[in-house]
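Nothing in this text is a laboratory measurement; each read-out follows from the coordinates by a stated rule. Since the model is a prediction, treat every value here as computed from it, not as a measurement. All Cβ positions, even for glycine, are placed from backbone atoms using ideal geometry, and neighbour counts span all protein chains on display.
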Amino acid sequence: MTLDLRMTDEVRTALAERHPVLALESTIISHGMPYPDNVAMAREVEGIIREHDVVPATIAVLDGVPRIGLDDEGLELLGSGEAPGSEHSIRKVSIRDLPYVVARGEHGATTVAATMRLASLAGIRVFTTGGLGGVHRGAAHSFDESADLTELSLTPVTVVSAGVKSILDIGLTLERMETLGVPVLGYRTDDFPAFYTRTSGFAVPLRVDSPGEIAAQMKAKDDLAIAGGISVANPIPEADEISHDRIDTIIEQALGDLDRLGITGKDITPYLLGRIVELTGGDSLAANIALVKNNAHLGAEIAREFSAIF
Ligand code: PSU
Ligand code: MN
């Protein structure tokens, strides 16, 4: 392989010794949360993963080099958007953008899709994040569907998220994952979680109650030679939930503002996340951080279970 995939020593050693490793994305840092909360969140989450004796591997592209595992300086750069001595700022990088940033030697914050692909190239099988991309509302006209879904149909990485925000069309997102052959597992829930809330009103297609069960399904999927990953939907902890009434009103307002401003494409999710933080006076950010931490615990447990049977 001629691709320069740069791992930290910690990640390389862990993978060589079959010690569990858990991947993390970087769009959530650069485009999903404000600075400096984003950097603090990234460090804290890595700490949680280490408490489980699992090695965290935050993934990004720096100077055109895919990085598997980042040091403090790398996290700071991604979070602040400032690259000392460089003219490039941090681009949001999904699958289609990967060749561009790599060939041009640019920095890139990787989405779920791009992180999955790089994790898989590195040999990492479990990945934890906050929210999954999906089918946007109005997709019948806009065709706006995240490449996170197609990537889940291709790349064998299990992605732990808190479900799908209702800035997206949750029903259509679940339909698409069914078509794409992506198992959607509700973790200790029968109702598919909607990120800020524990429920969405949509039933989860499949329910699991332990990390071991998830690892067993990863193994079964491998044995069956079914391509692609698994989406694990882990509800936000009850104490951190925002009520449906409150968040639904705010999401409608944010979607209205989005329309008025004419924002489209890859800028939609970052804009909405930022606007929702403003409209909730920071409460949505606190909820977002809480659910990311919660997912880190589960992701680490799945990585441990899978490394034990792999
Ligand atoms: N949802 C969040 N925070 C995020 C994202 C989604 O709550 O940061 C990011 C993830 O990186 C996800 C991406 O993969 O947005 C999806 O963007 P798009 O719809 O442009 O594919
Ligand atoms: Mn899109």
For this session: Answer rounded, prolate or oblate for the range 49-122, using the Cα gyration tensor with square roots of eigenvalues a ≥ b ≥ c: rounded when a/c is under 1.5, else prolate when a/b is larger than b/c, else oblate.
Result: oblate
Seminar exercise, completed: Length-normalised contact order of the range 72-163, Cα under 8 Å, at least 6 apart, in percent, tallies to 25 percent
Seminar exercise, completed: 1/(1 + (r/R0)^6) with r = Cβ-Cβ of Val65 and Leu206, R0 = 41 Å, i.e. FRET efficiency to nearest 0.05, evaluates to 0.60
For this session: Mind jotting down a quarter of the surface of the convex hull over the alpha carbons of the range 32-158, in square nanometres, one decimal?
Result: 8.5 nm²
Exercise. Hey, what number do you get for the chain at 222 nm if only DSSP H runs of n ≥ 4 count, each worth -39500 (n - 2.57), divided across all residues, to the nearest 500?
Worked result: -14500 deg cm²/dmol
Problem set entry | the chain: most fluctuating residue of Pro66, Pro36, Pro270 per GNM, C-alpha cutoff 10 Å | Pro36
Exercise. By its C-alpha gyration tensor, with a ≥ b ≥ c as the square roots of the eigenvalues, how is the chain shaped: rounded for a/c under 1.5, else prolate for a/b larger than b/c, else oblate?
Worked result: rounded
Problem set entry | For the range 110-164, convex hull of alpha carbons as volume per residue, Å³ | 72 Å³
